Amino acid sequence: MTTSAAVMCKNADMSTAFSGRPSADDLLVLLAVGRSGRFVTAAEELGLNHTTISRRIAGLEQTLGGRVLTRVTGGWELTDLGREALAAAEAVESAVKSLAADADGNRLLEGVVRISATDGFSAYIAAPAAARVRRDHPNVAVEIVATTRRASQHRSGLDLEIVVGEPQVRRATATQLADYRLGLYGSSEYLREHDAPATVEDLAGYPLVYFIDSMLRVDDLDLASGFVPGMRESVTSTNVFVHVEATRASAGLGLLPCFMADRHPDLVRVLADSVAVTLGYWLVARAETLRRPEVAAVVAAIRSVLDEQRGTLLGRE
């Protein structure tokens, strides 16, 4: 939410101006809670306290004659009535933002966009995309939470989630962004000492660098290890950067994202025709979140970076 909108909520008379008609300030409070899923986050954004947020939501519900929020694990989600009210809240916010423009009349974007993504995507896709957004819109801050997990059923505190594999989500939009490929790699030194496997059957004699099986929470990544049957575990980790560095240190053969491994000349891909696992990156977000101009700018930047790296993601030379 813009600074001007936050000031509006903080300083204006928060009482309902007309019976049966919600105030613009109450709607902006709902907007902040609906986007973050948390009263505390909305309170920090608007410069209010938690009690005031709760009281304004209660007043809005009384005015509208129904619940606008429902309690879920870890926060709050909009009800059907809440989503209707949110459309009005977005119109209010848009009107406020239209007052902020540069000398050429272009809208000035501001706000915080929080992204959750896998480690590799965070470093090589989300980070450069965030830098582009910052160059074009200095008042937009991008927070990147690096984690490998399934899509959340309740997206409290997150604007965008990037996950591996098609997610099953409710009250959210899931869109495929791009495919990427895993390949099997060994360090030059390791392959000099142990020779490269000639067939998939030979892999039974090699140690595998990959995720910790018991801690892996992404089904598609779990299936990926099925392409290297019989390999015994070597160094395992929840972080793909550890996989890359352990493979470079000759811990064994690593099942690695090509767009990460191919950056290192000391890593050599083996059995490229036999071991090639294609996975998909998917974007998950609430529809109302995607309508925010600052979020749309981040999504556009991510798509631009992905388009530029399409071949790299698939391991093409």
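The values are calculated or read from the model by the stated rules, or taken from the named source; none is laboratory data. Since this is a predicted model, take the numbers as computed values, not measurements. When we count neighbours, we look across all protein chains shown, and the Cβ atoms used for this are built from the backbone with ideal geometry, even at glycine.
Observations
- Residue within segment 161-171 that is surrounded by fewer than 19 Cβ atoms within 10 Å (Cβ to Cβ) and of a type in the set (Val, Ile, Thr) present: no
Results for (1) buried (at least 16 other Cβ atoms within 10 Å of the Cβ); (2) more than 30 Å from Gly37 (Cβ to Cβ), shown as yes or no for each residue.
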| position | (1), (2) |
| --- | --- |
| Met231 | yes, yes |
| Ala272 | no, yes |
| Glu294 | yes, no |
| Ala301 | yes, no |
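- Options Arg263, Arg291, Arg269, Arg232; residue that is over 20 Å from Ala198 (Cα atoms) and over 23 Å from the mean Cα position of the chain (by Cα): Arg263
- Output for segment 270-293, where each listed residue is in contact (Cβ under 8 Å) with a residue 60 or more places away in the chain and outside any strand (DSSP E or B): Leu271, Ala272, Ser274, Val275, Arg286, Ala287, Glu288, Thr289, Leu290, Arg291, Arg292, Pro293
- If the condition is being within 19 Å of Arg310 (Cβ to Cβ) and in contact with a Gly (Cβ under 8 Å, 6 or more places away or on another chain), then segment 178-208 contributes Ala178, Asp179, Tyr180, Arg181, Gly183.
- Segment 274-292, residues that are modelled with pLDDT of 90 or more, crowded, with 20+ Cβ neighbours inside 10 Å and of a type outside the set (A, V, I, L, M, F, W, C): Tyr281
- Of all residues in segment 64-98, those that are surrounded by 17 or more Cβ atoms within 10 Å (Cβ to Cβ) and farther than 12 Å from Glu288 by Cβ total 8.
- Filter result for Leu46 (buried (at least 18 other Cβ atoms within 10 Å of the Cβ), out of contact with any strand residue (DSSP E or B) (no Cβ under 8 Å at 6 or more places or on another chain) and within 19 Å of Glu84 (Cβ to Cβ)): no
- For segment 184-206, residues that are at pLDDT 95 or above and touching a strand residue (DSSP E or B) at 6+ places or on another chain (Cβ under 9 Å) total 7.
- Residue identified as touching a helix residue (DSSP H, G or I) at 6+ places or on another chain (Cβ under 9 Å) and closer than 25 Å to Ala300 by Cβ among Tyr190, Tyr206, Tyr180: Tyr180
- Close pairs (7 angstrom Cβ cut-off, 6 or more residues apart or separate chains): under 15 Å from Val163 (Cβ atoms) and surrounded by 12 or more Cβ atoms within 10 Å (Cβ to Cβ) in segment 212-228, modelled with pLDDT of 75 or more and among the hydroxyl-bearing types (Ser, Thr, Tyr) anywhere: Val218/Thr148
- Scanning segment 257-282 for residues that are among the hydrophobic types (A, V, I, L, M, F, W, C), within 25 Å of Ile302 (Cα to Cα) and in contact with a Lys or Arg (Cβ under 9 Å, 6 or more places away or on another chain) gives Cys258, Phe259, Ala261, Ala276, Val277, Leu279.
- Here the condition is being of a type in the set (D, E, K, R), outside the structural domain of Thr173 (by TED's automatic domain parsing) and modelled with pLDDT under 90; of Asp102, Asp159, it holds for Asp102 alone.
- Filtering segment 73-96 to residues that are assigned to a strand (DSSP E or B) and on the phi > 0 side of the Ramachandran plot leaves only Gly75.
- Some residue of segment 185-198 being closer than 19 Å to Thr148 by Cα and either without any contact (Cβ under 8 Å) to a residue 60 or more places away in the chain or in the same structural domain as Ala261 (by TED's automatic domain parsing) (or both): no
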